[in-house]
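Engineer: Take a look at the following structure, please.
The values are calculated or read from the model by the stated rules, or taken from the named source; none is laboratory data. Just so it is clear, the model here is predicted, and its values are computed rather than measured. Note that we place each Cβ from the backbone using ideal geometry, even for glycine, and neighbour counts take in every protein chain shown. With ligands, DNA and RNA removed, areas are computed over all heavy atoms of the protein, side chains included. Shrake-Rupley method; radii C 1.70, N 1.55, O 1.52, S 1.80 Å.
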Amino acid sequence: MSNVSVIEVKNQSQLKQFVRFPMDLYKNNPYYVPSFIKDEFKIWDAKENPALSYSKSKQYLAFKDNKVVGRIAVIINHKEEKELGIKKVRFGWIDFIDDKEVSAALIQKAIDYAKENNIDKIEGPMGFTNLDKAGMLTMGFDKLATMIGIYNHEYYPKHLEELGLAKEKEWVEFEMNFPKVLPEKVEKFSGLIAQKYKLKVLPFKSKEEILPFVEPMFKLLDETYKHLSTYTPISDEQIKTYKEKYFPFIDKNYVICVVDENNELVSFAITMPSYSKALQKSKGKLFPFGWWHFLQASKKNDRANFYLIGIHPEYQRRGVTAIIFKEIFVRFTSMGIDFAETNPELEENKSVQVLWQDYNPVNHKRRRTYSLDINK
């Protein structure tokens with residue numbers, strides 16, 4: 001008989017255990033980067049997370065010998081079901097000790113939840129929406145995590161595969177040693193393309209000048225990625241939430257917007273200095289002293305992360321990326337950035353991956369979601 005028990009999170013004390021468990025699990029791991037604790041609590045508050053208005057979810061904690069040894073959340077996104085016809089239980093926030101009884105008990109909760117709701121499939125790890133963290137790390141366990149990437153132990157995918165779950169979707173991430181000299185063809189084409197299509201890079205003198213372009217950026221994301229099979233449009237409420245969550249960390253020098261002659265946004269790129277080490281030092285808290293580590297990371301850093309990039313479909317094959325990358329090169333060089341890392345990109349999304357081809361990208365991380373058809 002198993003001595004693992006799994007309970008549903010029902011109160012604030014249990015939610016605190018749910019949020020803090022990975023920080024205990026990875027306490028001495030040099031590659032793990034904690035999430036902001038405050039933001040993790042907001043995820044499960046309907047007043048703070050607009051996705052809860054069209055989704056339902058539960059969180060569970062696994063115990064063994066009176067200690068928390070695992071966690072999992074299960075989610076049904078009704079918007080995804082309505083707009084894409086995809087009916088599944090998403091599971092996420094899954095962490096566990098290296099004990100197969102624990103991982104089996106957690107996955108069983110996802111299976112049970114699917115059966116209770118007459119759903120035949122589970123998939124994870126993933127969040128509520130496309131902009132939430134997704135994908136279990138399968139390569140790159142010895143690489144520092146980013147602020148928006150899941151980190152997990154090497155035994156995680158082995159446990160899921162032994163439980164019968166199979167690969168559903170794959171993401172790749174790349175690291176680049178940023179060049180000291182701009183590639184000749186980027187230099188040449190950036191000017192030609194800007195002149196031909198009457199495009200220009202907007203000069204932002206302050207963060208506040210970026211605000212009017214935040215909503216157009218998210219709308220452009222919809223246009224950029226709507227062809228992907230799993231993409232669901234971003235709601236106005238989500239835009240507001242993500243703006244409030246990430247805008248404080250935006251540096252005007254890391255935001256590039258390209259507009260046409262009518263000042264309409266045709267392309268943008270959002271990068272940030274790497275805040276991974278700052279998050280580690282702050283232990284997921286901005287106060288009382290965490291803000292200092294973030295301030296230092298924004299002032300002095302040799303590494304940057306690409307977070308979002310959007311290109312209007314009408315311009316995707318017209319060389320607009322040359323304009324963006326020339327601008328990135330100029331700015332990164334002036335700020336002493338030597339290394340750049342992409343965010344997770346779906347393996348099938350070749351149109352985004354080709355953006356990095358001139359910078360000798362190294363595929364240093366891979367991650368995937370796992371699924372199980374429970375009636376097979």
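Engineer: Anything in segment 169-215 that is open to solvent by 50 Å² or more (accessible area, probe 1.4 Å), touching a Phe, Trp or Tyr at 6+ places or on another chain (Cβ under 9 Å) and more than 28 Å from VAL362 (Cα to Cα)? List them, or say none.
Structural biologist: TYR197, LYS207, LEU211
Engineer: Among all residue pairs at least 6 apart or on different chains, which show Cβ distances below 6 Å where the first residue, located in segment 36-50, is in the same structural domain as ALA73 (by the TED database) and the second is outside any helix (DSSP H, G or I) and polar (S, T, N, Q)?
Structural biologist: Filtered contacts from segment 36-50: ILE43/ASN49.
Residue-wise test of (1) in a loop (DSSP other than H, G, I, E, B); (2) out of contact with any Lys or Arg (no Cβ under 7 Å at 6 or more places or on another chain); (3) not basic (Lys, Arg).
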| site | (1), (2), (3) |
| --- | --- |
| ILE122 | no, no, yes |
| THR129 | yes, yes, yes |
| LYS133 | yes, yes, no |
| ASP142 | yes, yes, yes |
| GLY149 | yes, no, yes |
| HIS159 | no, no, yes |
| MET176 | no, yes, yes |
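Engineer: Shifting gears a bit: Do you know which of the residues in segment 270-299 that are part of a helix (DSSP H, G or I) and of a type in the set (Ser, Thr, Tyr) is nearest to PHE329 (Cα to Cα)?
Structural biologist: That would be SER298.
Engineer: Oh, and also: With over 30 Å from PRO30 (Cα atoms) and open to solvent by less than 60 Å² (accessible area, probe 1.4 Å) as the only criterion, which of ALA322, ALA340 stands out?
Structural biologist: ALA322
Residue by residue, here is whether (1) of a type outside the set (Gly, Ala, Ser); (2) touching an Asp or Glu at 6+ places or on another chain (Cβ under 8 Å); (3) open to solvent by 20 Å² or more (accessible area, probe 1.4 Å); (4) outside any strand (DSSP E or B) holds:
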residue: LEU221; (1), (2), (3), (4): yes, no, no, yes
residue: ILE234; (1), (2), (3), (4): yes, yes, no, yes
residue: THR241; (1), (2), (3), (4): yes, yes, yes, yes
residue: GLU244; (1), (2), (3), (4): yes, no, yes, yes
residue: ASN262; (1), (2), (3), (4): yes, no, yes, yes
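Engineer: For the subset of segment 270-290 comprising residues that are touching a helix residue (DSSP H, G or I) at 6+ places or on another chain (Cβ under 8 Å) and without any contact (Cβ under 8 Å) to a residue 24 or more places away in the chain, which member is most open to solvent (accessible area, probe 1.4 Å)?
Structural biologist: Result: PHE289.
Engineer: Same structure, new question: Please find, within segment 346-358, the residue that is farthest from ARG317 (Cα to Cα) out of those that are touching a strand residue (DSSP E or B) at 6+ places or on another chain (Cβ under 6 Å) and either open to solvent by less than 10 Å² (accessible area, probe 1.4 Å) or without any contact (Cβ under 8 Å) to a residue 60 or more places away in the chain (or both).
Structural biologist: Once the filter is applied, the top-ranked residue is TRP356.
Engineer: Now for a separate question. Which of (1) under 30 Å from LYS277 (Cβ atoms); (2) among the β-branched types (Val, Ile, Thr); (3) outside any strand (DSSP E or B) does THR138 not meet, given it meets every other one?
Structural biologist: (3)
Engineer: Starting from segment 166-185, keep only residues that are at positive phi, then list their pairs with residues that are part of a strand (DSSP E or B) and among the acidic types (Asp, Glu) whose Cβ atoms are within a distance under 8 Å, requiring at least 6 positions of separation or different chains.
Structural biologist: Pairs found: none.
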